[in-house]
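To start, the structure under review is shown below, and the notes come after it.
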Amino acid sequence: MYVRSFADANGDGIGDLAGIRSRLPHLKHLGVDLVWLTPFFPSPGFDHGYDVADYCDVDTAHGTLADFDDLVTEAYRLGLRVMIDLVPNHTSSRHRWFQAALADPTGPYRAYYHWHDPAADGGPPNNWVGHFGGPAWTLDQVSGQYYLHLFLPEQPDLNWTNPAVADEFDAILRFWCERGVDGFRVDVAHGLAKDPWLRDNPVLQPLTAGMDPIAAFAAFEHRYDLDQNPNVAIFRRWRRVVDPYRAVLLGETGPHDPVRLARYHDEGRALHLTFYLRPAWMTWQPMQLRDGLRGVQSLSPHSVAWTIENHDTDRAATRFGGGDTGRRRALAVTTFMFGLGGLPFLFQGQELGNENGLVAAGRLADPISTRNPGATSGRDGSRTAMAWDDTAGNGFTTGPVAWLEAAPRDLADTVAGQIEDPASWLNAYRRLIKVRRQHRDLVDAQARWLDTDNGLLLALQRTSVLVACNLDGRPADLTLPSGNWALVFSSAPDSAATIGTDLEATVTVPAETSLILVAG
Ligand code: GLC
Ligand code: CA
């Protein structure tokens, strides 16, 4: 969940830990096992919490450490696990380490960050750019050196070759493990280590003025700033810290290539789980989706966290075509992901089939858009408040206005509007989660890809369970392995699948639909 936008208990328009605690019954009812909370630590908020000024406290906007303890206690009472967000690639520029580094260029905190003399022409030391636009280097006028930031200038990158930085993070991990968290989602896990020679990245495309920062970032091959091999050693070290607590490490890992992604798992010695994020960024591209899902599942069956949307991407229903078409495709892909092993994630509001929230151009809050006016609408569309009901503020806040002002959602797009309706998206997601709980072979059993005649029809059998996904715009027939198959879930209940009863049984999978079948 995106903490700022889930539930606001005190009416100031900003989501808080007390609000989350009061809404845990929704998660319990939905059937989820685990909640990942985005950062709630003290932060000046230039990147809405991903610029951390103190790793071991709670921002007053979100509550107190006591509120956190209460939230964890209540989550456990309900049988939910809690994962928090760790941001080790960079701190806030207001963090005391960076303040000390600025104040004393010869002091010990200077080497917590990457400082470098200007290039011969006085410009930045190399050609790296930040994810949010502009060069990845900012000049400190006082010392005459540049510091590195792969995100905003207010998010200086930590120097992970410095053993003192590694020691600090061991202590931070222990602090939260002692408080009972079940794991950490590791922000920008593929970014921590940098090329020791800070070589220029190869240029794929020339930059143009006013370019969308995401396109500008993609104009380089990130050979030297991201996905460096020494990242893996950092996570092996963290395992020694978290394993005694049985806490889980889940990386926000950038690589799309299955082999590069699997490195972070390192056969169980590094990150327990890695996000496979390509489907969360794609528009509706059935062939690319098919290749990606097959490739990653085949290589790393149990170490992948699957997702089609999060707080950084447009909502899947929007990207996949909008309206009921987009919603239907989103549920079809999610259903299939529930059969791929590993750990599937939903993003708050996805269970309602929500499309992007509508934020007026003058109200945009994401630094990607506010710092690059007109270039991109940024990430606000997925960050608007959770739609609980159709009262003012959609039940998110009792105050006059949410921190991110957006058009109100209709009753049909809210929890209150869907909870009693058996045909709602909410109840479809709820049934899907229940099926995963009931049929454990769907999660654990040995997987085997079935041959299908249709390139856009994917089918995976796990002994007694079979999951089929038809990414095609037309129905497709699947020949079933021998057995007595019964349909336990269809992502499109309006067009029930038919199972033939011939010697060679076949099932017709409707267009853009996934089915889960169980052998009796
Ligand atoms: C990750 C977060 C994103 C944040 C960035 C910088 O990608 O998901 O929201 O802006 O890291 O911390
Ligand atoms: Ca609040």
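The values are calculated or read from the model by the stated rules, or taken from the named source; none is laboratory data. What you see is a predicted model, and the numbers here were worked out from it, not measured in a lab. Glycine also receives a Cβ, built like all others from the backbone with ideal geometry; neighbour counts cover every protein chain displayed. Please note that ligands, DNA and RNA were not included when accessible areas were found on the heavy atoms of the full protein model with its side chains. Shrake-Rupley method; radii C 1.70, N 1.55, O 1.52, S 1.80 Å.
Looking only at region 82-118, count how many residues are in a loop (DSSP other than H, G, I, E, B) and crowded, with 19+ Cβ neighbours inside 10 Å. Residues in region 82-118 being in a loop (DSSP other than H, G, I, E, B) and crowded, with 19+ Cβ neighbours inside 10 Å: 9 in total.
What about P244, is it exposed (fewer than 14 other Cβ atoms within 10 Å of the Cβ) and part of a loop (DSSP other than H, G, I, E, B)? No, not satisfied.
Give the residues of region 370-404 that are within 16 Å of ligand 1 (Cβ to nearest atom), closer than 23 Å to H26 by Cα, in contact with a Gly (Cβ under 7 Å, 6 or more places away or on another chain) and in a loop (DSSP other than H, G, I, E, B), sorted by residue number. Result: T384, W403. Going through (1) exposed (fewer than 15 other Cβ atoms within 10 Å of the Cβ); (2) among the small types (G, A, S); (3) part of a loop (DSSP other than H, G, I, E, B) one by one, A53 falls short only on (1). For region 4-35, enumerate the residues that are open to solvent by 10 Å² or more (accessible area, probe 1.4 Å), among the polar types (S, T, N, Q) and within 16 Å of ligand 1 (Cβ to nearest atom). Matches in region 4-35: none.
For region 228-247, the criterion of being within 27 Å of D366 (Cα to Cα) and of a type outside the set (F, W, Y) is met by none of the residues.
Residues that are open to solvent by 50 Å² or more (accessible area, probe 1.4 Å) and without any contact (Cβ under 8 Å) to a residue 12 or more places away in the chain do not occur anywhere in region 293-313.
Look at (1) open to solvent by less than 30 Å² (accessible area, probe 1.4 Å); (2) within 17 Å of L293 (Cα to Cα); (3) among the aliphatic types (A, V, I, L, M) and you find that I234 fails only one, number (2). The sole residue among V52, V82, V87 that is in contact with a Gly (Cβ under 9 Å, 6 or more places away or on another chain), within 28 Å of F235 (Cα to Cα), within 16 Å of ligand 1 (Cβ to nearest atom) and among the hydrophobic types (A, V, I, L, M, F, W, C) is V87. Of all the numbered requirements in (1) open to solvent by less than 10 Å² (accessible area, probe 1.4 Å); (2) touching a residue at least 24 places away in the same chain (Cβ under 8 Å); (3) touching a helix residue (DSSP H, G or I) at 6+ places or on another chain (Cβ under 6 Å), A330 misses one, and that requirement is (2). Within region 15-58, the set of residues being on the phi < 0 side of the Ramachandran plot, within 16 Å of ligand 2 (Cβ to nearest atom) and touching a Pro at 6+ places or on another chain (Cβ under 8 Å) comprises just one member, V58. From the list L426, L458, L466, L432, the lone residue that is open to solvent by less than 50 Å² (accessible area, probe 1.4 Å), assigned to a helix (DSSP H, G or I) and closer than 26 Å to Q297 by Cα is L432.
The set of residues in region 343-392 being surrounded by fewer than 21 Cβ atoms within 10 Å (Cβ to Cβ) and on the phi > 0 side of the Ramachandran plot consists of G374 alone. Scanning region 126-142 for residues that are open to solvent by 30 Å² or more (accessible area, probe 1.4 Å) and within 26 Å of P213 (Cβ to Cβ) returns N127, H131, G134, P135, T138, L139, Q141.
Can you say whether A407 is more than 20 Å from G31 (Cβ to Cβ), out of contact with any Lys or Arg (no Cβ under 7 Å at 6 or more places or on another chain) and surrounded by 19 or more Cβ atoms within 10 Å (Cβ to Cβ), as far as the supplied structure shows? No.
Entry remark, region 154-180: residues being closer than 17 Å to R240 by Cβ, in contact with a helix residue (DSSP H, G or I) (Cβ under 7 Å, 6 or more places away or on another chain) and of a type in the set (A, V, I, L, M, F, W, C) number 5 in total. Each residue in region 265-281 was checked for being touching a helix residue (DSSP H, G or I) at 6+ places or on another chain (Cβ under 8 Å), assigned to a loop (DSSP other than H, G, I, E, B) and open to solvent by 10 Å² or more (accessible area, probe 1.4 Å), and 1 pass.
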